[in-house]
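A short worksheet on the structure shown next.
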Amino acid sequence: MGLMTPIATEAIASPNIALIKYWGNRDHELRLPANDSLSMTLGGLETRVRMALDPALDADRMVADSRPITGEPLERVSRFLQIVRQLSGRREYASIETWSNFPQGVGIASSAAAFAALAVAADAAYGLGLDRKSLSRLARRGSGSAARSVFGGFVRLRSGQEDAAAFAEPILGAGHWGLVDLIAIVSTSPKEVGSSKGHRLAETSPLQKARVEDTPRRFDLCMHALLARDFQRLATIVQQDSDLMHAVMMTSTPPLHYWEPATLAIMKTVLAWQAQGLQVAYTVDAGPNVHCLCPAAHAEEIQARLQAIPGVQTILCCHPGQEARLLIRPGAG
Ligand code: DP6
């Protein structure tokens, strides 16, 4: 820190769950996703990012949930801030502190919330003044799914052939449908292979081409189910989309197996509940935890049932959430 304490900027963002997932990048450096995706922003889960530009620093530094961040995770943040510095013409390094109210690095899109909040905070701190679409493009450079967390409610991420064309946009507001995501946590150990590495393996699977080519069909089905608030149709397509992505992961070289035995146990139980007429659907990201979607009216019953499955440690309950936003502007306070 310099002699005077620099004035901090603070932003907040929520993670999101992809109903139609992206896996694989057409350009890894620019993080141009291989296919369009569609998500729900997860209200209640939040990452706050506070940052101060400090002319006295000779490198960026970061503390996450009171732990200093070093090595590759810090370099990833620094590479991201380098883009912001280039855009702004400013050179100061930043001192960053983050707080999250949910477990990190276990497949709950922690990088999505962090980079969406970081994009909003850095935009303000470095005085870029980007519009929401450009903010989404910027967030994408930090983490592909972060592009979606810039917006609230239900969000589409356009894969785009080039940087300017790959951004997210809100498609339905948070109030459109009271869906609930009950995240059954079966493990909080950090995953061995993060999604950035996973995306690079996608093209080694002989199934990836078919998955990507079929995306418009799944996207349309999901969109129609959302518009009609048709849970049955939503469940069918969301589960197929998740299974397709995991089929690609499992058939990559080397293979990626994100599921734990409890993951599969929950998925099979959800299918059995569906057969009994319950409105619930599973979807799994790059981790072992299972996102169980249901209409809000059934959430209490499903949460109690999930809690009784062996291996379920805790359940996080999320409603459609809000966009990433600034809490403290630079120069305020
Ligand atoms: C399985 O956005 O986590 O959650 O750019 O490397 O941070 P990075 O990838 P990330 O990839 C998301 C993968 C997914 C599916 C999805 O959210 O669409």
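The values are calculated or read from the model by the stated rules, or taken from the named source; none is laboratory data. If you're wondering where the values come from, they're calculated on a predicted model, not measured in any experiment. Cβ placement follows ideal geometry from the backbone for every residue including glycine, while neighbour counts extend to all protein chains displayed. We work out accessible area using only protein heavy atoms, side chains counted, and drop any ligands, DNA or RNA first. Shrake-Rupley method; radii C 1.70, N 1.55, O 1.52, S 1.80 Å.
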*Limited to segment 121-143, what total is found for residues that are open to solvent by 10 Å² or more (accessible area, probe 1.4 Å) and within 11 Å of the ligand (Cβ to nearest atom)?*
1
*Kindly indicate which of 315, 266, 302 is away from the ligand (no atom under 16 Å from the Cβ), within 29 Å of residue 211 (Cα to Cα), modelled with pLDDT of 95 or more and open to solvent by less than 50 Å² (accessible area, probe 1.4 Å).*
266
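Just checking, how many residues over segment 20-33 are part of a strand (DSSP E or B), open to solvent by less than 10 Å² (accessible area, probe 1.4 Å) and either near the ligand (Cβ under 9 Å from one of its atoms) or without any contact (Cβ under 8 Å) to a residue 60 or more places away in the chain (or both)? Can you show your working first?
At the first step, the residues of segment 20-33 found to be part of a strand (DSSP E or B) are 20, 25-27, 32-33.
This time we only want the ones that are open to solvent by less than 10 Å² (accessible area, probe 1.4 Å), so: 20, 32-33.
Within this subset, residues satisfying the condition of being either near the ligand (Cβ under 9 Å from one of its atoms) or without any contact (Cβ under 8 Å) to a residue 60 or more places away in the chain (or both) are 20, 33.
Residues that pass the stated criteria total 2.
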*Residues satisfying the stated conditions in segment 238-263, i.e. open to solvent by 10 Å² or more (accessible area, probe 1.4 Å), in contact (Cβ under 8 Å) with a residue 24 or more places away in the chain and closer than 25 Å to residue 305 by Cβ*: 239, 258, 259, 260, 261, 262
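Could you please let me know if residue 165 is away from the ligand (no atom under 14 Å from the Cβ), over 20 Å from the mean Cα position of the chain (by Cα) and farther than 23 Å from residue 108 by Cβ?
Values: away from the ligand (no atom under 14 Å from the Cβ): yes; over 20 Å from the mean Cα position of the chain (by Cα): no; farther than 23 Å from residue 108 by Cβ: yes.
Considered against the rule, which asks whether it is away from the ligand (no atom under 14 Å from the Cβ), over 20 Å from the mean Cα position of the chain (by Cα) and farther than 23 Å from residue 108 by Cβ, residue 165 comes out as no.
Within 12 Å of the ligand (Cβ to nearest atom), under 21 Å from residue 247 (Cα atoms) and in contact (Cβ under 8 Å) with a residue 40 or more places away in the chain - does that describe any residue in segment 144-156? Let's see the steps before the verdict.
Applying the first criterion (within 12 Å of the ligand (Cβ to nearest atom)) to segment 144-156 yields 144-149, 155-156.
Checking the rest, the ones that are also under 21 Å from residue 247 (Cα atoms) come to 144-145.
Next cut, in contact (Cβ under 8 Å) with a residue 40 or more places away in the chain only: 144-145.
Yes, segment 144-156 contains a residue that is within 12 Å of the ligand (Cβ to nearest atom), under 21 Å from residue 247 (Cα atoms) and in contact (Cβ under 8 Å) with a residue 40 or more places away in the chain.
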*Filter result for the condition that a residue is within 14 Å of the ligand (Cβ to nearest atom), crowded, with 17+ Cβ neighbours inside 10 Å and at pLDDT 95 or above, over 81, 118, 53*: 118
*Residue identified as at pLDDT below 95 and more than 16 Å from the ligand (Cβ to nearest atom) among 58, 65*: 65
_Cross-chain or 6+ apart pairs with Cβ under 7 Å, segment 90-108 first and over 26 Å from residue 284 (Cα atoms) and open to solvent by less than 30 Å² (accessible area, probe 1.4 Å), then polar (S, T, N, Q) and modelled with pLDDT of 95 or more_ = none
